[in-house]
Amino acid sequence: MWHPCTQMKQHETLPLVPIARGEGAWLVDFDGRRYLDAVSSWWVNLFGHSHPRINAALRAQLDDLEHVILAGFTHRPVVELSERLAALAPPGLGHAFYGSDGASATEIALKMSFHAWVNRGQPGKREFVSVAGSYHGETLGALAVTDVPLFRDTYAPLLHRGATVPSPDARLARPGESARDAAERAAQALEAHLATQHATTAALIVEPLVQGASGMVMHDPHYLARARELCTHFGVHLIADEIMTGFGRTGTLFACEQAGIRPDFLLLSKGITGGYLPLACVLATDEVYGAFWHDDVARGFLHSHSYTGNALACRAALAVLDIFRDDDVIAVNRTKAERWTARAAALAGHARVRNFRHRGMIWAFDADSERPDFARWCFAQALARGVLLRPIGRTIYFMPPYVITDEEFGLICDATVEVLDAA
Ligand SMILES: Cc1ncc(COP(=O)(O)O)c(C=O)c1O
């Protein structure tokens with residue numbers, strides 16, 4: 001086994017954690033030790049492990065159809081899912097193209113944006129603009145619009161790098177400024193860039209409201225509203241990467257709702273199947289879809305993945321949407337988040353905590369510690385206390401499954417305080 005995002009040599013001293021089963025928000029190892037999954041297994045799990053309703057939906061689907069080629073064929077779960085996603089997303093995103101993981105959604109959107117411009121007679125629009133600290137996946141196209149040096153720099157000679165514009169990060173607000181002011185300053189930098197570069201720019205790609213992989217960097221919705229306005233004005237596509245923020249993570253079903261905008265492409269993955277199966281979806285507008293509608297085959301979007309629109313994954317996604325509807329998840333989460341933010345007050349006031357921040361079902365802060373190995377050390381310390389935390393550098397964050405109880409959230413806070421005391 002060669003593990004993801006890992007320097008394998010570190011496992012000489014830090015053993016892997018073999019997991020036997022999952023129960024709700026808990027992972028259980030072969031010796032019966034339990035770990036509270038405070039990171040939702042890399043941000044995918046929404047309703048806990050081994051959820052009875054998602055399990056039942058998958059069992060039923062197994063008896064009908066596990067998978068079928070999606071070129072030339074279709075099936076019920078993929079049609080139902082496309083219709084329901086289009087109805088739930090900001091209006092006007094009625095065309096669903098499927099992939100597998102998040103990075104494949106990014107690749108699809110980048111290719112689709114460029115190709116749409118080519119088909120519209122503007123082949124010079126071939127650059128992509130991304131935001132400082134962005135993360136959109138590890139494949140070469142996605143890495144080209146990613147701004148995390150540790151992941152990107154080694155592969156830099158292979159990448160078609162575009163421009164990076166300043167982040168609207170609320171922490172960059174100057175004394176006397178609000179988060180909105182910081183967002184406006186970043187929007188002005190974007191405006192200055194697009195004013196001179198729009199003729200060669202295909203799209204701007206953003207992570208709405210929270211830039212996850214660079215350390216749960218949060219910004220004011222004003223940035224998204226301005227980005228939408230500028231992209232429309234300068235004739236540039238807006239790609240909203242909601243791979244992490246989608247499905248309720250920021251407090252609304254999609255983060256874009258909080259800015260009242262509709263992107264040209266909406267990228268979904270991770271939580272879409274409740275953390276069960278790999279699935280990605282790119283929702284696009286009539287305008288984009290129309291650019292490909294032609295007698296010439298080469299003007300179609302000829303991109304494909306073998307498991308595009310996998311029936312089991314789509315069925316899991318439908319079960320997830322049922323849970324959102326039947327359990328009024330967004331409204332219930334709002335009251336949970338209020339209680340949990342209050343419960344985190346002692347942690348927020350800890351002497352080692354800087355920039356405590358919260359949006360929806362994400363809590364994060366930067367730890368004041370000199371330890372060069374802080375992230376690994378903290379992971380091991382939390383694990384010893386029965387909590388799965390996976391800091392990003394010195395940023396500790398909680399992104400739990402929505403189903404954890406008040407007691408379980410308290411346990412995460414208390415374990416984190418203990419770890420900070422020991423730091
Ligand atoms: C915003 C964002 N985009 C894209 C990706 C890539 O998704 P995947 O890891 O499924 O390829 C991630 C993964 O963390 C992400 O957070």
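Some notes on this structure:
- Each principal axis of the Cα cloud of the range 113-169 was evaluated for its coordinate range; sorted largest first, these ranges are 37, 27, 15 Å.
- Subtracting the Cα-Cα distance of Val118 and Ala56 from their residue separation scaled by 0.36 nm leaves 17.8 nm.
- For the range 1-97, the spread of Cα positions along the three principal axes, ordered from largest to smallest, is 50, 30, 29 Å.
- Inter-part distance, the range 162-187 to the range 189-268, computed on C-alpha centroids, equals 14 Å.
- Low-density loop cleavage sites - chymotrypsin sites (Phe, Trp or Tyr not before Pro) in the range 294-386, where at most 10 other Cβ are within 10 Å (DSSP): none
- Relative contact order (%) - criterion: Cα under 8 Å, at least six apart; region: the range 221-291: 28
- Using the 1.4 Å probe convention, the accessible area of the chain works out to 44 Å² per residue with neighbouring protein chains retained.
- Computed FRET value (nearest 0.05) for His11 with Glu229, which takes r as the C-beta separation and R₀ as 60 Å: 0.80
- Fraction of accessible area attributable to carbon and sulfur, the chain (%, probe 1.4 Å): 56
- About its Cα centre, the range 1-137 has a charge dipole of approximately 400 debye under the convention of +1 per Lys or Arg Cβ and -1 per Asp or Glu Cβ, with nothing else charged.
- Dipole magnitude for the range 270-403: computed about the Cα centre from +1 point charges on Lys and Arg Cβ and -1 point charges on Asp and Glu Cβ, it is near 880 debye.
- Charge context of Gln258, other residues only, Cβ under 11 angstrom, K/R +1, D/E -1: -1
- Note on the range 163-244: with charges restricted to the Cβ of Lys and Arg (+1) and Asp and Glu (-1), its dipole about the Cα centre is near 120 debye.
- In the range 319-423, the ratio of gyration radius to Kirkwood radius, Rg to Rh, stands at 1.01 when only Cα atoms are counted.
- Between Glu83 and Phe30, the modelled label-to-label distance comes to 4.7 nm, taking each label 7 Å out from Cα in the direction of the beta carbon.
- Accessible-area order (highest first, 1.4 angstrom probe) of the listed residues Lys270, Lys125, Lys9, Lys111: Lys9, Lys111, Lys270, Lys125
- Solvent-accessible surface (1.4 angstrom probe) belonging to Glu23, in square angstrom, nearest 10: 70
- Nitroxide proxy distance, nm - points 7 Å out along Cα→Cβ at Asp328 and Asp373: 5.0
- Along its principal axes, the chain has C-alpha extents of 64, 60, 44 angstrom, given from the largest down.
The values are calculated or read from the model by the stated rules, or taken from the named source; none is laboratory data. This is a predicted model, so every value here is computed, not measured. Using ideal geometry, Cβ is built from the backbone for each residue, glycine included, and neighbour counts are taken over all protein chains shown. Just the protein is used for accessible areas: all its heavy atoms, side chains included, with ligands, DNA and RNA removed. Shrake-Rupley method; radii C 1.70, N 1.55, O 1.52, S 1.80 Å.
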